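The values are calculated or read from the model by the stated rules, or taken from the named source; none is laboratory data. Being a predicted model, the structure only gives us computed values, none of them experimental. Here Cβ is always computed from backbone atoms with ideal geometry, including for glycine, and neighbour counts include all displayed protein chains.
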Amino acid sequence: MKTKILFLSLVTSIFASQAQAQNSTRVNAMSDEISDNLDLRAVADIFGDSRDLQDFERRLNDPKLQISNLDLNDDDEVDYLRVIETVEKNTHVIIVQSVLDRDVYQDVATIEVEKDRNNRIQIQIVGNEYMYGSNYIYEPVYYSTPVIYASFWSYNYRPYVSNWYWNYYPSYYYAWNPYPVYRYRSNISISLNINNHYNYVNYRRSNRAPILYSSRRSNGYERQRPEYSFSRRNNNITNRYELDQRRTTRYSSTRNNADYSRNRTYSNREAGNKRTENQRDYSQNKVNSSRESVPQRTETQRNYSQNRVNPSRESTPQRADNQRNYAQNRVNPSREAAPQRAETPRDYSQNRVNPSREAAPQRAATPRDFSQNRATPSKQSAPPRAESRRGNQSTENNRRS
C-alpha cells in the first residue's frame, strides 16, 4: 500500500513539474509588443495570391500558413481574424479584425484599394494606429496583377462580410498556440514571395478611404486597455517602422560591440598564440641556429681541415718533388763532379807519374836536377827519392853481380 502511494505521489510530482515548465515556456514565448505578432507584409502577400476576399480570409486563418500570431485576449490561442468590407464607387476598404469575445472585435489593419480615372489601381495596407502607430503604411508591388482585382469591379458587386464570429468558425480552422517572436519571424520570412516588393510610405493616397473606415471601425481591445496603445508602449517613437529602425540600429550596435569584443578576445587569443608561437619560433630558432651553427662550424672545420690537409698533401709532393729534384740535382752534380774529380786526380796522378818517370832518368843523369828536385816541396820530392833509392839498389845489385 505504501509503495502504491509513493508511486502515485511521484507520478503526480512529475506531471506538476511538466505543467509548470509548459506554463513558464508559454509566458516566455509571448512578446510585450503587439505589433511583433502580425507582419503586414505577409498580409499583403497573401492578399495578392487570393482569388477573392473569402479566399483571403481563409489564408489569413490557415493553420498551415500561420500568418498571424496574435493573442489579444490572452487565452493562449491565436485569435481568429475575420474580414469585412465597405465600398463606395471605385474605393474598397477591407478591414481585418481580431475576434476577442462575443461581439468584441479589434481592428488590426485595413487594405485600401482604389481605381483612378486612368484605370490605375492603387493599394495600401495601413496598420491600426493603436497597434502600429500613426501612418504605418506599406504599398505592395506585385510581380503580376492579382486576380482579386477583377472581382472588385464586377457587375452587381456586393461588399464582403465574414459569416464567422466568436466560437463559430469554419471547418478548416483550429486554434494553435502562439509561438515565440523569433520563430514567427522566421516563418514569415520563408513564406514571403521574393518576387514581390513592399514599399513603406507615411501618407495615404486615398482621401475617401479614411471616411469609409470610420463608419465600420471596431476597437473593443482598445477600450479595454487604453493605456496599452503604441504611443504609450513606445515613448518618442512614431510608428512600427521607426521602432524597427531603432531596433536595427541597436541590434547593429550591439552586434558591432559583440563583434568588437569577440574581435578583441580573438585578437588577444591570436596575440597570445602569436606570442606563444613567436616564443616557440624563437626557441626553435635558437635551437635551429645552434643546430645550424654546429654543422656550419663543422663544415668550416672540415673545409679548413681539408684545406689544411690538401695543402699539406699538395705541398708534400711539391716538397718531395723539390727534394727529389734537388736530390737529383745534388746527385747529378756529384755524379758529374765525380768523374771530373776522378779524371782530375787521374790526370794529376798521371802527371805525377809521368814527371816521376821522366825525372828518374834525369835524376840519374844529372844530379843537379836531383838537387833541384830536393829543393821542391816534400810531397813532390817524395817519389823521386823512392825512384832514386830503387835506382841505387839496382846499381848495387849490378855491382854485386
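Need pairs with beta-carbon distance below 9 Å; first residue within 17 Å of Gln122 (Cβ to Cβ) and within the stretch 143-160, second part of a helix (DSSP H, G or I) and among the acidic types (Asp, Glu); sequence gap 6+ or separate chains.
Correct list of pairs: Pro146/Asp49; Ile148/Asp49; Ile148/Asp55.
Taking the stretch 88-125, which residues are under 21 Å from Pro226 (Cβ atoms) and touching a Ser or Thr at 6+ places or on another chain (Cβ under 6 Å)?
Ile95, Gln97, Tyr105, Gln106, Asp107, Val108
For Ile121, are the conditions met, namely being crowded, with 21+ Cβ neighbours inside 10 Å, among the β-branched types (Val, Ile, Thr) and closer than 19 Å to Tyr213 by Cβ? Show your work before the answer.
Details: crowded, with 21+ Cβ neighbours inside 10 Å: no; among the β-branched types (Val, Ile, Thr): yes; closer than 19 Å to Tyr213 by Cβ: yes.
Taking the combined requirement at face value, the residue does not satisfy it.
Could you list all residues from the stretch 115-159 that are hydroxyl-bearing (Ser, Thr, Tyr) and more than 22 Å from Asn196 (Cα to Cα)?
If we filter the stretch 115-159 for residues that are hydroxyl-bearing (Ser, Thr, Tyr), which is where we start, we get 130, 132, 134, 136, 138, 142-145, 149, 151, 154-155, 157.
Tyr130, Tyr132, Ser134, Ser154, Tyr155, Tyr157, listed by residue number.
To keep it simple, each residue is scored yes or no on (1) surrounded by 11 or more Cβ atoms within 10 Å (Cβ to Cβ); (2) farther than 25 Å from Val87 by Cα; (3) not small (Gly, Ala, Ser).
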site: Tyr143; (1), (2), (3): no, yes, yes
site: Pro146; (1), (2), (3): yes, no, yes
site: Asn156; (1), (2), (3): no, no, yes
site: Ser171; (1), (2), (3): no, yes, no
site: Ser186; (1), (2), (3): yes, yes, no
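In contact with a Phe, Trp or Tyr (Cβ under 6 Å, 6 or more places away or on another chain), in the same structural domain as Arg223 (by TED's automatic domain parsing) and within 17 Å of Phe56 (Cβ to Cβ) - does that describe any residue in the stretch 68-78?
At the first step, the residues of the stretch 68-78 found to be in contact with a Phe, Trp or Tyr (Cβ under 6 Å, 6 or more places away or on another chain) are 69, 72, 78.
Among the residues that remain, those that are also in the same structural domain as Arg223 (by TED's automatic domain parsing) are: 69, 72, 78.
Subsequent filtering for residues that are within 17 Å of Phe56 (Cβ to Cβ) retains none.
No, that holds for no residue.
Do we find a residue being within 30 Å of Asp116 (Cβ to Cβ), assigned to a loop (DSSP other than H, G, I, E, B) and at pLDDT 95 or above anywhere in the stretch 161-184?
We begin by selecting, within the stretch 161-184, every residue within 30 Å of Asp116 (Cβ to Cβ); these are 161-162.
When the remaining residues are screened for being assigned to a loop (DSSP other than H, G, I, E, B), the result is 162.
Filter once more, so that each one left must be at pLDDT 95 or above: 162.
Checked the stretch 161-184: at least one residue is within 30 Å of Asp116 (Cβ to Cβ), assigned to a loop (DSSP other than H, G, I, E, B) and at pLDDT 95 or above.
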